[in-house]
Amino acid sequence: DGGITQSPKYLFRKEGQNVTLSCEQNLNHDAMYWYRQDPGQGLRLIYYSQIVNDFQKGDIAEGYSVSREKKESFPLTVTSAQKNPTAFYLCASSIDSGMAGELFFGEGSRLTVL
Amino acid sequence: KQEVTQIPAALSVPEGENLVLNCSFTDSAIYNLQWFRQDPGKGLTSLLLIQSSQREQTSGRLNASLDKSSGRSTLYIAASQPGDSATYLCALSSGGSYIPTFGRGTSLIVHP
């Protein structure tokens, strides 16, 4: 079945460590997004990519990095520079951000800093 | 900048009630509006997508309407069931970048 796969589902990190969250989609979508969700808050955009080898910062990009080397993959690295990384991270994709198409989400990854 | 507000933040109703969830927005120049459902600890599941040129969309017991002139969308759930308990979020694509902006959601509990 087509969809978006995020891994790992749960991740624990010690302070000072970088961690990478995986996001893979087999929907043949051009656009991919990373959102952060905190309790009581809406989704906040971290990074987005409209096409392979191109990505743009969202509203809260500081302390995060991404790459888009393949159409189906958009990994997110949470660096040690991110001051409050404990959160629920959601990856999404749409067929083409220029068409404002339907947005599809993965199951999320919960990161906890110890 | 587009602002999206969902009221109420939480709602508790008895099973069988028809209910309406609200989503308001400040910039009416939207491309589309999407309603999602989120269960605890899970990702978002798309429920309905309304394009800018449309007034409403229906799927089973769900009906979503869009009124751009008043900056408002409503999600109508008929004959609510305990399985409808979840958080419901709306998201809009607007502005030149088409990037969706989300509301904070309405947490719904349907009790037997």
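Annotations
- Judged by the ratio a/c of the largest to the smallest principal axis of the C-alpha gyration tensor, the stretch A:11-103 counts as prolate, that ratio being 1.5 or greater while a/b is larger than b/c.
- Charge dipole of the stretch B:20-107 (Cα centre as origin; +1 on each Lys and Arg Cβ, -1 on each Asp and Glu Cβ, all else neutral): 40 debye, rounded to the nearest 20.
- Look at the alpha carbon pairs under 8 Å that are at least 6 residues apart: their mean separation over the length of chain A gives a relative contact order of 35 percent.
- Across A:F12, A:F104, A:F74, mean-square fluctuation computed from a Gaussian network of chain A (C-alpha pairs under 10 Å connected) peaks at A:F12.
- Cross-link check: pairs A:K14/B:K1; A:K57/A:K83; A:K9/A:K70; A:K9/A:K83 evaluated at a Cα-Cα cut-off of 26 Å; pairs beyond the cut-off: A:K14/B:K1.
- Magnitude of the charge dipole for the protein assembly as shown, about its Cα centre and with charges confined to Cβ atoms of Lys, Arg (+1) and Asp, Glu (-1), is about 440 debye.
- Selected from B:P40, B:P14, B:P82 as most flexible by GNM, with chain B as the system and alpha-carbon contacts under 10 Å: B:P40
- Inter-label distance, nm, simple model (7 Å from Cα along the C-beta direction), B:V20/A:T20: 5.0 nm
- Around A:P75: net Lys/Arg minus Asp/Glu count, Cβ-Cβ under 14 Å: 0
- Computed E for A:K70/B:Q81 - FRET, C-beta separation, R0 35 angstrom, nearest 0.05: 0.25
- Spatially, the stretch B:66-111 and the stretch A:1-57 are offset by 22 Å when compared through their Cα centroids.
- Distance between the pseudo-spin-label points of A:K9 and A:K57 (7 Å out from Cα toward the beta carbon): 3.5 nm.
Computed from the coordinates by the stated procedures, all read-outs in this text should not be read as laboratory data. As the structure is a prediction and not an experimental result, all values here were calculated from the model. No Cβ is skipped: glycine too gets one built from the backbone with ideal geometry, and neighbour counts run over all protein chains shown.
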